[in-house]
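What follows is a short report on a single structure.
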Amino acid sequence: MTTIATAAPAPVSRTWYKILYVQVLIAILIGVVVGWLWPSLATSDWVKALGDGFIKLIKLVIAPIIFCTGVSGIAHIQDAKKVGWVGLKALVYFEIVSTFASLLGLLMGNLFQIGHGLAAKPDAAAVANYVEQAEASKTVDFILNIIPDSVVGALARGDILQVLLFAILFGFSLMALGERGEKLRGMIDDTAHAVFGVIAIVMKAAPIGAFGAMAFTIGKLGPSALGNLIGLIALFYATAALFVVVVLGLIARSVGFSIFKFIAYIKDELLLLLVLGTSSSESALPQLMKKLERLGCSKPVVGLVVPTGYSFNLDGTNVYMSLATLFIAQALGVDLTFGQQLTILIVAMMTSKGASGITGAGFITLAATLSAVNPALVPGMAIVFSIDKFMSEVRALTNITGNGLAAVFVSWWEGELDQATLHARLNQESDRCPLLTAVGARYR
């Protein structure tokens, strides 16, 4: 999968109040005020319906997105085969590092159970139904239920595990067809883009949904709920930072450089994401690829690893899904077994594929993960949605840092990394960013 790095178009100047990010933030603040001062109004059916309606719109596109991105991701692996072992090494690296990201999220979520005490309650009748199904279900039934009676039925019900299974089988079958399957691959890719277009339309209603979700949450649970929500944001920031410093830091150290120098080197791309107010790390892809080539990485490796990593190496998204799933379970008083937490790890690894480049896709993959782990958790999405925007940029920043480092590591693994150029560039850039250099010195 080779992408030609081109200059990114200059951002179009827009009136501040027309920016979706700003609209969502304003809606959240208004929701807090309404929930705090007029709780009876905030807990009315109509206000609640604003958040619930947006969640239903999100759930509408989960199954087709999972199918299209799953099939497309596997079917296009053959492009990686054209460059031999590089593609295989990149995929192995992606899956190992993403697994560490999910495990770290699960570890921090279990250590700091900030969801407890929120006292959120899902629909009692619905939960009772799920409990009855869980008690009647055995492990063998769970395994067999992954196999759908029909593909149409799985898509209609939105059963994520069943859709994933068919997507995997279909993707490998399409990959085996080679050139004969090119037209069908193109159709599925086009369908995926069309469905993402639906997401773009749905996201126009995000401010309304954010207002309803936040107002209802504060009105029902009281202002004290803000403490739990702020706690989740802080824990996610800390976990993402820990992942970058420790996990990515050890990977960088194995190649022979400091992760802080690397962050200083790509600081312009990281700042671009913050300035544009976008949760899509793809906006910085062309500049990142050029910088990695100047850093001494092999051009073919960069052309393969970076674009592929935007679908297969979403470290920030994996951390977010693990933490958010545990937070929702704790808030709703649902105890997740070890097996269910293992399911979070497995499902998050699959549903995160294709979650790049689209605003709101991270929240959709969370919905898919919740549906697969325990459908009783799905109503809790409204709690997290009200603060999701505060975490989206950190997901993107973590993703782009991880993808840049992946290209350096795979180039080194292939013996195609110019070490002299690498250290010269990193040292030159770190001299221009003394703050990161000072922080990094403590970890040498």
Among 204/291; 56/290; 220/389; 59/89, which pairs are too far apart, with a Cα-Cα distance over 29 Å? 204/291; 56/290; 59/89
Got a sec to turn the phi values of region 173-181 into Karplus ³J(HN,Hα) couplings, 6.51 cos²θ - 1.76 cosθ + 1.60 with θ = phi - 60°, whole Hz, x for Gly and Pro? 5, 5, 5, 5, 5, x, 5, 4, x
In nm, the gap between the two label points placed 7 Å beyond Cα toward Cβ at residue 168 and residue 246 is 2.9
Tell me, what HN-Hα J-couplings in whole Hz come from the Karplus equation 6.51 cos²θ - 1.76 cosθ + 1.60 at θ = phi - 60° for each residue of region 190-206, using x for Gly and Pro? 5, 4, 4, 5, 5, 5, 5, x, 4, 4, 4, 5, 4, 5, 4, 8, 4
Using label points projected 7 Å from each Cα along Cα→Cβ, tell me how many nm separate residue 29 and residue 113, to one decimal. 3.6
Can you figure out the FRET efficiency of residue 190 with residue 38, using R₀ = 41 Å and their beta-carbon distance, to the nearest 0.05? 0.30
Karplus 3J(HN,Hα) series, Hz, for region 99-109 with 6.51 cos²θ - 1.76 cosθ + 1.60 (x for Gly, Pro): 5, 4, 5, 5, 5, 5, x, 5, 4, 5, x
Region 181-244 - percent of accessible surface contributed by carbon and sulfur, probe 1.4 Å: 75
Put 57, 91 in order of accessible area, largest first, 1.4 Å probe: what do you get? 57, 91
Treat each spin label as a single point 7 Å out from the Cα along the C-beta direction, and report the residue 149 to residue 424 distance in nm. 6.8
Computed over region 370-410, the Cα gyration tensor eigenvalues, each multiplied by 5 and square-rooted, give semi-axes in Å (largest first) of 30, 15, 4
Which value, in Å² rounded to 10, gives the accessible area of residue 190 with a 1.4 Å probe and all protein chains present? 100
Heavy-atom SASA rank of 389, 220 (probe 1.4 Å, accessible area, largest first): 220, 389
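The values are calculated or read from the model by the stated rules, or taken from the named source; none is laboratory data. These figures come from a predicted structure and were not determined experimentally. Glycine gets a Cβ as well: all are built from the backbone with ideal geometry, and neighbour counts include every protein chain shown. For accessibility, only protein heavy atoms count, side chains too; no ligands or nucleic acids. Shrake-Rupley method; radii C 1.70, N 1.55, O 1.52, S 1.80 Å.
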